[in-house]
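The values are calculated or read from the model by the stated rules, or taken from the named source; none is laboratory data. This one's a predicted model, so the numbers in the text were calculated from it and none came from an experiment. All Cβ positions, even for glycine, are placed from backbone atoms using ideal geometry, and neighbour counts span all protein chains on display.
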Amino acid sequence: MAARAAAFSDPEVAALLAAEFVPVAENCSHLQRQQDAEGDLFRLIAEQGHYGGRFQPTDTRQGMYACRPDGTLLGSCNVHGADRLLPVLRRALEGWREGAGARAGAGDGATDGRYRQEPPPGGLALRVWVRDLPRDPEADARPDDWRRRAFNLDHAWFRADEAAALVPEATAGASVAWPEALARRVARFHLIDNVRGEPPMWRDDEVREAEMRSRVREVRGGRVRLDLEGHAALGGLSRWTDDWTGRPQESARSTEARFDGEAEWDVALRRFARFDLVAVGTRVGGTQYNSRGDDPGPAPIGWAWEIADGSLPGDATPPQGFHGRYFQPA
């Protein structure tokens, strides 16, 4: 997440973590609910930390934790800056050196299947990058804010039948509309303003328009080269309770974007050899965890999709919205 990157990219933090810690990154929104050994260990650690026992206004256990292998907490925080993270890491290291620590049991190896999903067999797995786009310098009151350089990464999954449905007849000029359910899924779960944080997915009734189309540019050497295009518009009202004041908050939010891209379908293998898609548009409003309280827009935003080919460690990570009826009808 972009806010974490501001702390972990600090040279002193990076050096300390590399030399003295074993870094692990996980999705706490899943981990804190998993009914398996991994989830049990995380809850043991988190309940000793900064959000332990809290259920209002939310039950999130988001943050950074340093612990012994047996789950004994050495330090925790939920901060964005290196200046606040470094003291926590140093105190944790001092605590570690004061005792040997116990080794945790290996457990039975069983995992909670709800939170351990694999990309659909024969389907299409994509990385989804998102970032703010350059603004009018005269209208940007804080051009040096680190958040102007923020970005985030999610993933999108298409089943094998859905990927095949994007390919028209292999004749130049032929075109096909994407299945409505797939176009709406892309809009609901992937046109989200998660540049700085983790907003809720769009509800189906907040999708005002979602249309995508593939058109054959050429057929050559067993490959169908496609042009991709589309448009989506979403809008609704976000309501939440402020974490710090406990006061009700609300914000009208909306996103409108146009899609443009290219893809290549391998006829023999029946899979995409290339899939490059961008969406450029405007976002408005804030949500509980997307850190837009002082920057509601309207402002430009962009998304980019590319094949998750296994070259990055997290390429098999499920979409953030996977457990929100991702493959099911709205």
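Say whether the condition of being among the polar types (S, T, N, Q) and in contact (Cβ under 8 Å) with a residue 40 or more places away in the chain is met by at least one residue in segment 36-54.
Taking every residue of segment 36-54 in turn, none turns out to be among the polar types (S, T, N, Q) and in contact (Cβ under 8 Å) with a residue 40 or more places away in the chain.
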* Members of segment 185-212 that are of a type in the set (Lys, Arg) and under 17 Å from residue 124 (Cβ atoms) -> 185
* Could you list, in sequence order, the residues of segment 37-82 that are within 26 Å of residue 199 (Cα to Cα) and among the hydroxyl-bearing types (Ser, Thr, Tyr)? -> 51, 58, 60, 65, 76
* Asked: Mind checking whether some residue in segment 27-37 is under 28 Å from residue 155 (Cα atoms) and modelled with pLDDT of 90 or more?
  -> no
* Give me the pairs, please: first residue somewhere in segment 5-19 and outside any helix (DSSP H, G or I), second residue anywhere and surrounded by 12 or more Cβ atoms within 10 Å (Cβ to Cβ), beta-carbon distance under 7 Å, and either six or more positions apart or on two chains. => 10/82
* **Residues within segment 161-193 that are surrounded by fewer than 22 Cβ atoms within 10 Å (Cβ to Cβ), in contact with a strand residue (DSSP E or B) (Cβ under 8 Å, 6 or more places away or on another chain) and more than 17 Å from residue 277 (Cβ to Cβ), tallied** => 7
* To do: Look at residue 240 and say whether it is in contact with a Leu (Cβ under 9 Å, 6 or more places away or on another chain), aromatic (Phe, Trp, Tyr), more than 21 Å from residue 268 (Cα to Cα) and in the same structural domain as residue 286 (by TED's automatic domain parsing).
  => no
* Criterion violated by residue 266 - all others in (1) closer than 30 Å to residue 164 by Cβ; (2) under 15 Å from the mean Cα position of the chain (by Cα) satisfied -> (2)
* Asked: Mind checking which residues of segment 86-107 are under 30 Å from the mean Cα position of the chain (by Cα) and either hydroxyl-bearing (Ser, Thr, Tyr) or modelled with pLDDT under 90 (or both)?
  -> 106, 107
* Asked: Do you know which of the residues in segment 8-27 that are surrounded by 13 or more Cβ atoms within 10 Å (Cβ to Cβ) and closer than 20 Å to residue 130 by Cβ is nearest to the chain's Cα centre (by Cα)?
  -> 27
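Answer yes if at least one residue in segment 277-285 is without any contact (Cβ under 8 Å) to a residue 24 or more places away in the chain, touching an Asp or Glu at 6+ places or on another chain (Cβ under 9 Å) and closer than 20 Å to residue 208 by Cα, and no otherwise.
Applying the first criterion (without any contact (Cβ under 8 Å) to a residue 24 or more places away in the chain) to segment 277-285 yields none.
No, segment 277-285 contains no residue that is without any contact (Cβ under 8 Å) to a residue 24 or more places away in the chain, touching an Asp or Glu at 6+ places or on another chain (Cβ under 9 Å) and closer than 20 Å to residue 208 by Cα.
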* Being closer than 21 Å to residue 241 by Cβ and either surrounded by fewer than 18 Cβ atoms within 10 Å (Cβ to Cβ) or modelled with pLDDT under 85 (or both) is the filter here, so list the residues in segment 278-291 that pass it. => 288, 289, 290, 291
* Among the residues of segment 248-265, write down those that are among the acidic types (Asp, Glu) and either in contact (Cβ under 8 Å) with a residue 24 or more places away in the chain or crowded, with 24+ Cβ neighbours inside 10 Å (or both). => 256, 260, 262, 264
* Inspect segment 45-62 for any residue being touching a helix residue (DSSP H, G or I) at 6+ places or on another chain (Cβ under 6 Å) and either aromatic (Phe, Trp, Tyr) or not assigned by TED's automatic domain parsing to the domain that holds residue 288 (or both) and give the result as yes or no. => yes
* Asked: Would you say residue 330 is at pLDDT 90 or above and among the hydrophobic types (A, V, I, L, M, F, W, C)?
  -> no
* **residue 164 small (Gly, Ala, Ser) and more than 23 Å from the chain's Cα centre (by Cα)** => yes
* To do: Go through 187, 170, 183, 174 for me and flag whichever is in contact (Cβ under 8 Å) with a residue 60 or more places away in the chain and not polar (S, T, N, Q).
  => 170
